[in-house]
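Following: one structure in structure tokens, then a few remarks.
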């Protein structure tokens with residue numbers, strides 16, 4: 001009631017709300033709705049026949065269980081690894097240099113194309129792999145299957161667990177642990193009875209995030225899982241591109257939707273409410289953390305460094321593969337692969353940069369507008385707006401891609417084949433990070449600052465332009481960065497949307513992999529990593545320059 | 001610009017509470033602020049004083065009632081068009097703007113010419129004692145300096161009314177006393193109508209022309225500091241304004257000019273209050289600690305009370321005196337001349353009946 005009156009009195013707000021809802025309806029609600037309709041109708045009739053037909057195939061049923069199994073295993077292994085890193089970084093009293101090194105090592109997998117580790121796995125452990133064949137002399141080794149997919153996904157996604165757990169562990173007041181020790185508890189007991197229980201919500205959250213990431217991962221299983229270990233995203237892809245069965249693909253992606261949505265809701269309404277850290281409030285006197293015994297520091301650090309070295313090895317290998325004729329066979333130095341990608345592959349590079357360049361500012365503006373509306377304005381449906389805006393981000397890319405394909409393939413909204421649909425897909429799928437950053441920043445900025453502006457005679461549009469925007473510039477940069485990086489690296493949704501007219505680097509890498517042109521694939525991957533790091537450096541520079549004194553640091557935003 | 005007054009007419013505001021459902025934050029509040037006056041809304045946290053202030057400012061919209069500033073009904077007017085100056089508890093300085101730009105903000109919104117902006121900002125910063133700080137960022141200032149910037153920013157636009165939301169609560173005690181003097185001097189010099197919110201009764205008494213005491217979303221009494229102290233309308237006001245003893249008593253006889261009351265085991269003759277009192281009625285006596293005189297009992301007289309404890313504070317001594325069932329707070333001034341009583345000492349006490357206020361007994 002109150003909200004409606006306020007919106008009515010402020011035409012700028014009303015217009016903004018209407019525009020955002022229209023966008024959400026068109027690019028999030030409508031495609032998902034069409035996907036559901038496609039799954040449950042046949043020639044205009046409501047039916048379960050489509051679902052039953054797909055479920056009747058044991059191969060598809062196997063894929064469903066495999067997806068859940070893989071997700072659970074990646075969740076467990078990745079959370080464990082992330083906890084090791086977080087404990088070492090936050091509670092082992094290491095000097096800043098070591099922590100920076102750990103941060104850098106975990107940033108690498110986060111910002112790379114999702115299958116870089118998968119490719120490096122093939123180079124290392126494939127039939128002619130550097131380690132299996134070159135080092136150990138094994139023959140007939142098969143790298144494909146659950147173990148290597150699990151290994152690759154764990155290494156790719158554990159940084160998410162690290163970024164989730166580190167602030168929680170760092171936020172535990174050392175005085176609480178001191179208190180427990182002063183009551184006579186040993187270090188191990190303090191760790192078991194105080195530190196770990198406080199971190200439990202973080203574990204649950206990290207597990208669910210990794211589970212979703214693995215459930216959604218398309219590229220790694222496509223390269224590494226092989227025929228013996230089918231999972232849902234790859235099955236859906238093969239159903240559509242191999243069998244030209246859009247309906248079957250839609251049903252398979254709908255099967256994927258069920259666990260993904262369940263996890264999303266679980267995380268949103270259960271886990272996120274259970275953080276202890278924010279409750280503790282004021283930190284007391286300065287004290288050093290004593291949870292981790294001094295002698296234990298070095299084994300912990302050693303474990304982390306071993307993982308970091310493995311990551312660096314994979315990336316070094318990727319680079320090496322891009323500058324030799326054929327890894328494993330002919331190690332002569334060559335620029336040929338780079339010549340190939342800058343001639344044959346030039347169109348993919350150009351298309352990707354154009355799409356990323358167009359999507360970046362659109363995503364940034366959309367993110368801060370929506371974040372601002374949700375965090376600061378009272379209007380009916382505010383929470384619903386926020387929830388809907390997160391959907392495309394929370395759901396596996398395969399679902400989003402197929403939903404776009406289903407929705408925008410026919411008139412009146414025939415967008416497939418153009419660049420617009422790819423841009424829209426990226427904007428609505430990857431802006432939520434910027435939206436969250438905007439909301440988080442605004443929650444730190446007291447509303448009275450904006451009220452002070454209104455009190456001085458500024459209308460809401462003026463206040464937004466002169467006060468709010470300068471204060472949320474960091475979130476804007478974060479939004480730009482994430483949209484750009486994902487535009488360069490993502491594949492799971494957009495693989496369904498590329499066409500003769502518009503293609504992407506990541507899609508070309510996949511094609512190269514299937515054609516066994518491993519050199520150009522490696523060269524493309526190196527190019528993407530270099531461009532992404534250059535953009536991150538630029539944005540960090542921008543953040544430092546624009547950072548409002550006393551405002552929050554947003555350099556770790558790329559993880560979300 | 002001649003100052004306008006503020007008329008608040010029966011405003012109410014409800015909030016939905018998670019557990020209690022719809023609750024009144026402010027219920028049927030009316031308030032008149034004469035032009036150039038400073039009125040304080042005083043009360044404990046949660047009494048609705050800040051909500052009332054925010055409705056006058058326009059940050060909240062009342063569910064019922066009207067608000068008039070000058071001779072304009074502003075109930076449906078946007079904040080930005082009300083011509084108010086608001087000073088926030090946390091100052092709410094724009095963190096990305098320098099001191100100069102913070103103060104200049106309102107003038108820039110008005111599209112004032114650059115030269116006028118420079119002149120007026122300079123004048124106002126000099127007025128609050130911050131000349132020379134123009135280029136600093138807010139986070140480089142101390143709390144007191146931030147407070148002055150907030151004040152300068154509010155007055156530079158020459159608002160029709162100035163509104164203060166607990167502006168001093170983030171400062172230390174010494175600075176608080178100094179700043180409240182400066183705020184009062186500035187408000188009088190500019191003669192701007194002002195509403196001031198605080199929970200600190202001493203601050204309210206020091207700064208205000210009039211005080212409105214709020215409890216549970218309503219104004220329970222309004223008047224000057226002296227009126228509230230001398231004639232509190234309820235136990236709540238008596239307790240909130242100054243220290244007090246609330247002594248149980250019973251009416252023995254009442255006439256038009258005086259009331260006979262039995263309290264503390266004696267008969268007291270008090271001036272008649274406003275309320276009609278009948279013999280036998282239970283009453284509460286509001287007895288301020290400084291209106292009781294203590295002396296050693298005359299030889300031969302029975303002692304009336306005994307000193308339980310004392311706190312020596314320099315210019316005064318605060319005693320706890322046990323009289324029968326009751327424990328009284330008594331303040332003795334100038335202890336160096338008059339001497340200090342020791343705990344355990346029996347004493348006689350004399351109550352100045354003319355300064356005692358009678359309240360009807362209420363169920364608590």
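Just so you know, in region B:270-309 the residues that are part of a strand (DSSP E or B) and farther than 19 Å from residue B:232 by Cα include one that is nearest to the chain's Cα centre (by Cα), and it is B:293.
Among the residues examined, residue B:305 qualifies as without any contact (Cβ under 8 Å) to a residue 60 or more places away in the chain and in contact with a strand residue (DSSP E or B) (Cβ under 8 Å, 6 or more places away or on another chain). Of the residues making up region A:435-452, those that are within 14 Å of chain B (Cβ to nearest Cβ) and at pLDDT 85 or above are A:448, A:449, A:450, A:451, A:452.
The requirement of being more than 13 Å from residue A:451 (Cβ to Cβ) and facing another protein chain (nearest Cβ under 9 Å) is not satisfied by residue B:93. All conditions in (1) more than 30 Å from residue B:42 (Cα to Cα); (2) assigned to a loop (DSSP other than H, G, I, E, B) hold for residue B:259, with the sole exception of (2).
For (1) more than 30 Å from residue A:234 (Cβ to Cβ); (2) part of a helix (DSSP H, G or I), each residue gets a yes or a no:
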position: A:374; (1), (2): yes, yes
position: A:389; (1), (2): no, yes
position: A:393; (1), (2): no, yes
position: A:401; (1), (2): no, yes
position: A:409; (1), (2): no, no
position: A:414; (1), (2): no, no
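Answer yes or no as to whether residue B:183 is modelled with pLDDT under 90 and either within 11 Å of chain A (Cβ to nearest Cβ) or buried (at least 21 other Cβ atoms within 10 Å of the Cβ) (or both). Against the criterion (modelled with pLDDT under 90 and either within 11 Å of chain A (Cβ to nearest Cβ) or buried (at least 21 other Cβ atoms within 10 Å of the Cβ) (or both)), residue B:183 does not qualify.
Residues that are outside any helix (DSSP H, G or I) and either free of Cβ contacts under 8 Å to residues at least 12 places away in the same chain or surrounded by fewer than 17 Cβ atoms within 10 Å (Cβ to Cβ) (or both) within region B:221-238 comprise B:224, B:231, listed in sequence order. For region B:96-107, the count of residues that are in a helix (DSSP H, G or I), within 8 Å of chain A (Cβ to nearest Cβ) and in contact (Cβ under 8 Å) with a residue 40 or more places away in the chain is at least one.
Where strands (runs of 3 or more DSSP E) fall entirely within region B:1-79, those with at least 1 residues that are over 21 Å from residue B:192 (Cα atoms) and within 14 Å of chain A (Cβ to nearest Cβ) are at B:6-17, B:21-33, B:64-69. Only helices (runs of 4 or more DSSP H) whose full extent lies in region A:419-536 are considered here, and the ones with at least 3 residues that are buried (at least 22 other Cβ atoms within 10 Å of the Cβ) and within 17 Å of the chain's Cα centre (by Cα) are A:420-430, A:432-444, A:473-489. Step by step: first the residues of region B:108-142, then only those that are facing chain A (nearest Cβ under 10 Å) and surrounded by 15 or more Cβ atoms within 10 Å (Cβ to Cβ), then the one that is farthest from residue A:450 (Cα to Cα). Which residue is that? That would be B:137. Taken over region A:453-497, the residue count meeting the criterion of being out of contact with any strand residue (DSSP E or B) (no Cβ under 7 Å at 6 or more places or on another chain) and within 14 Å of chain B (Cβ to nearest Cβ) is 23.
The values are calculated or read from the model by the stated rules, or taken from the named source; none is laboratory data. Everything quoted here is computed from the prediction, not taken from an experiment. FYI the Cβ positions are ideal-geometry reconstructions off the backbone, even for glycines, and counts take in every protein chain you see.
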